[in-house]
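Chemist: Questions regarding the structure given below will be posed in turn.
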Amino acid sequence: TCAFAGQKKVLAAYEEAVKCGYSGARAGRLHTPHGVFDTPMFMPVGTQATVKAVSPRELKEMGAQIILSNTYHLYLRPGTELVAEAGGLHRFMDWDGGILTDSGGFQVFSLGPLRKITEEGAAFRSHIDGSTQFLSPEIAIKAQMNLGADIIMAFDECIPYPAEYQYAKLSTERTTRWAERSQKAHTRSGQALFAIVQGGMYQDLRRVSANDLVSLDFPGYGIGGLSVGEPKPVMYEMLEQTVPLLPENKPRYLMGVGTPDCLVEAVRYGIDMFDCVFPTRVARNGTAMTKSGRLVVKNAAYAKDFLPIDENCGCYACQNFSRAYIRHLLKADEIFGLRLTTIHNLYFLLDFTKKMRQAILEDRFLSFREEFLAQYCK
Ligand SMILES: O=c1nc[nH]c2cc3[nH]c(NCCN4CCCCC4)nc3cc12
Ligand SMILES: [Zn+2]
């Protein structure tokens with residue numbers, strides 16, 4: 001099962017902080033069949049059963065606990081039955097930590113040329129071979145049971161941004177019906193099914209979605225329909241409306257987020273889990289993440305810079321290589337260059353969530369957040 005032994009440190013100034021919209025960061029422990037994991041946590045994204053450019057051994061070494069994979073991609077290629085025959089996703093990709101699979105809702109709407117959505121599900125064309133495909137709650141849950149992740153997601157519709165109120169309302173109500181169908185189709189014990197809160201950017205729809213899904217009693221809750229192009233203050237406002245309605249003793253997972261400034265704000269509202277392709281994606285075009293912002297190590301400025309990306313970073317790249325060397329590799333299109341920037345960016349985010357956890361446990365999260373935002377956004 002996926003018990004969440006939450007442990008909320010009551011901050012000394014907690015009551016005061018709540019008045020100014022501070023809803024309570026918390027340091028928790030997430031229990032899964034593949035181990036007990038610390039939150040807040042960042043989950044590296046391994047869309048096609050690999051976190052691009054790094055090995056499972058390197059992921060373990062840098063402190064990754066749970067990684068993400070996508071049902072949409074693995075369903076289209078190589079097929080989720082094939083992964084089941086291989087012994088499941090953990091065996092297939094040789095990862096013995098936690099795995100969470102997204103249900104495919106978001107990918108259908110953001111990847112495949114969408115044909116149409118009905119009460120039954122979503123018909124679409126595969127972005128791989130153009131074939132006509134169909135996903136429904138039942139199909140998505142069966143696919144995720146085949147993959148065998150520790151945490152799976154209900155099949156939902158990620159409402160595009162912006163969206164008319166009426167569309168957001170009808171879609172959110174359908175996502176709640178799909179969550180119920182996902183629950184009925186989920187028959188694999190030991191595997192946790194999380195629901196996904198929708199509601200577009202409408203406060204009342206967010207509250208209705210959260211309350212309806214909480215009544216259906218899931219072991220954890222994703223917050224979806226965000227990080228879809230809306231301004232950050234709007235995202236934070238939706239968090240403020242949604243998170244307090246979710247049970248304190250269950251994990252909250254903000255899907256598709258994100259950059260360090262978003263992570264520290266979301267933790268402030270009580271989010272526990274994050275995933276984002278950002279660190280691995282920008283790494284592949286030579287951008288490194290640091291506590292002062294982004295460093296485009298490919299720039300000519302670093303041609304003779306023999307310091308590491310970040311001299312206070314404990315990652316394999318920063319412990320052994322200079323900016324000049326990594327820039328040389330990237331300019332020469334050497335695969336090792338992408339590997340080093342990816343290793344650094346993943347380590348940076350994993351370490352950042354570890355630092356937030358420590359700050360929460362030591363009752364100094366608010367000052368940690370202030371100091372970080374002052375430096376990061378400068
Ligand atoms: O509503 C969702 N349901 C299921 N999965 C999701 C995944 C999501 N991922 C995002 N945002 C990802 C944004 N990301 C930022 C870095 C560049 C590529 C896009 N929103 C999401 C909402 C959902
Ligand atoms: Zn580093």
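The values are calculated or read from the model by the stated rules, or taken from the named source; none is laboratory data. Computed from a predicted model, the values in this text were never measured in an experiment. Cβ placement follows ideal geometry from the backbone for every residue including glycine, while neighbour counts extend to all protein chains displayed. For the accessible areas, the whole protein counts, side chains as well, though only heavy atoms, and no ligand, DNA or RNA atoms are used. Shrake-Rupley method; radii C 1.70, N 1.55, O 1.52, S 1.80 Å.
Chemist: Go through 251, 260 for me and flag whichever is within 16 Å of ligand 2 (Cβ to nearest atom), closer than 18 Å to residue 43 by Cα and not hydrophobic (A, V, I, L, M, F, W, C).
Modeler: 260
Chemist: Out of everything in the range 153-174 that is free of Cβ contacts under 8 Å to residues at least 60 places away in the same chain and under 20 Å from the mean Cα position of the chain (by Cα), what residue ends up being surrounded by the fewest Cβ atoms within 10 Å (Cβ to Cβ)?
Modeler: Selected residue: 157.
Chemist: Here is a list of conditions, (1) closer than 14 Å to residue 62 by Cβ; (2) touching a Phe, Trp or Tyr at 6+ places or on another chain (Cβ under 8 Å); (3) more than 16 Å from ligand 1 (Cβ to nearest atom); (4) in a helix (DSSP H, G or I), and residue 349 meets all of them except one; can you say which number that is?
Modeler: (3)
Chemist: While we're looking at this one, here's another question. Output the strands (runs of 3 or more DSSP E) that fall wholly within the range 107-161 and possess 2 or more residues being closer than 28 Å to residue 252 by Cβ, or say none.
Modeler: Ranges flagged: 151-153.
Chemist: Sticking with this one: I'm trying to understand the selection: among the residues of the range 98-120, which are touching a strand residue (DSSP E or B) at 6+ places or on another chain (Cβ under 7 Å) and within 15 Å of ligand 1 (Cβ to nearest atom)?
Modeler: Of everything in the range 98-120, those that are touching a strand residue (DSSP E or B) at 6+ places or on another chain (Cβ under 7 Å) and within 15 Å of ligand 1 (Cβ to nearest atom) turn out to be 100, 101, 102, 103, 104, 107, 108, 112, 114.
Chemist: Identify the residue in the range 271-297 that is over 24 Å from residue 39 (Cβ atoms) and assigned to a loop (DSSP other than H, G, I, E, B) and, among all such residues, is nearest to ligand 2 (Cβ to nearest atom).
Modeler: Checking each candidate, the answer is 297.
Chemist: Condition test on residue 247, is it in contact with a Phe, Trp or Tyr (Cβ under 9 Å, 6 or more places away or on another chain) and open to solvent by 20 Å² or more (accessible area, probe 1.4 Å)?
Modeler: yes
Chemist: Can I ask one more? Please tell me if residue 200 is part of a loop (DSSP other than H, G, I, E, B), open to solvent by less than 40 Å² (accessible area, probe 1.4 Å) and among the small types (Gly, Ala, Ser).
Modeler: yes
Chemist: With respect to residue 216, is the statement that it is at pLDDT 95 or above and within 17 Å of residue 252 (Cα to Cα) true?
Modeler: yes
Chemist: Do the conditions hold for residue 296, that is, is it of a type in the set (Val, Ile, Thr), away from ligand 1 (no atom under 16 Å from the Cβ) and open to solvent by 10 Å² or more (accessible area, probe 1.4 Å)?
Modeler: Criteria met by residue 296.
Chemist: Considering only the range 209-228, state which residues are more than 15 Å from residue 167 (Cα to Cα), outside any loop (DSSP other than H, G, I, E, B) and more than 10 Å from ligand 1 (Cβ to nearest atom).
Modeler: Within the range 209-228, 210, 211, 212, 213, 214, 215, 221 meet the criteria.
Chemist: Could you go through the range 322-332 and let me know if any residue there is touching a Pro at 6+ places or on another chain (Cβ under 8 Å), more than 22 Å from residue 29 (Cβ to Cβ) and either within 12 Å of ligand 2 (Cβ to nearest atom) or open to solvent by less than 30 Å² (accessible area, probe 1.4 Å) (or both).
Modeler: Yes, the range 322-332 has at least one match.
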